[in-house]
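S.K.: So that we are looking at the same thing, I have put the structure below in structure tokens.
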Amino acid sequence: MDMTPVANCNMSSCAYNSSAMCHTRAINVGYHAECNTLIHASAAGGIKEVTGGIGACMAANCKFNDRLECTAKDIGVSGHQSHADCTTFSTSSPEDDKNILREAMHQGG
């Protein structure tokens with residue numbers, strides 16, 4: 001199984017971001033589908049020739065998560081408040097998606 005690539009990332013304040021692309025070897029996606037590798041910094045990090053991939057995915061309720069591995073063709077990362085989220089995250093059913101949205105709205109997210 002090949003590592004799922006990060007197809008795009010709009011987190012321009014992240015040290016690993018250059019031209020809307022992630023340039024670290026791998027990011028980790030957290031329990032709430034957030035990019036846990038985001039580093040707000042003005043100094044450039046990562047390797048320009050490398051395109052980021054998914055090292056581990058802890059979002060257990062994502063339909064693309066198979067034993068902590070991302071099985072999506074690719075993912076996008078986009079800013080949400082002060083953090084970055086995996087925009088490819090999707091639960092197994094539309095009803096699950098609605099419940100997660102309701103919970104996030106209830107928590108102020």
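S.K.: Report the full-extension gain for the segment Lys63 to Met3: residue separation times 0.36 nm, less the Cα-Cα distance, to one decimal in nm. Show your work: numbers first, answer last.
M.R.: Working: separation 60, 0.36 × 60 = 21.60 nm, distance 1.65 nm.
Stretched fully, the Lys63-Met3 segment lengthens by 20.0 nm.
S.K.: Can you compute the FRET efficiency between Ala56 and His80 using 1/(1 + (r/R0)^6), with r the Cβ-Cβ distance and R0 = 22 Å? Round to the nearest 0.05. The partial results should precede the final answer.
M.R.: On the way: r = 20 Å, r/R0 = 0.91.
Efficiency computed from Cβ-Cβ geometry: 0.65.
S.K.: Quick one: what Rg and Dmax do you get for region 6-106 from the alpha carbons, in Å?
M.R.: Computed over the Cα atoms of region 6-106, radius of gyration and Dmax are 13.6, 42 Å.
S.K.: Given points 7 Å out from each Cα along the Cα-Cβ axis, report the Thr87 to Asn36 separation in nanometres with one decimal.
M.R.: If labels sit at Thr87 and Asn36, their model points lie 2.3 nm apart.
Readers should treat all values here as calculations from the given coordinates under stated rules, not as data from a laboratory. Bear in mind the structure is a predicted one, so any value in this text is a computation, not a measurement. Neighbour counts run over all protein chains shown; Cβ positions are idealised from the backbone, glycine included.
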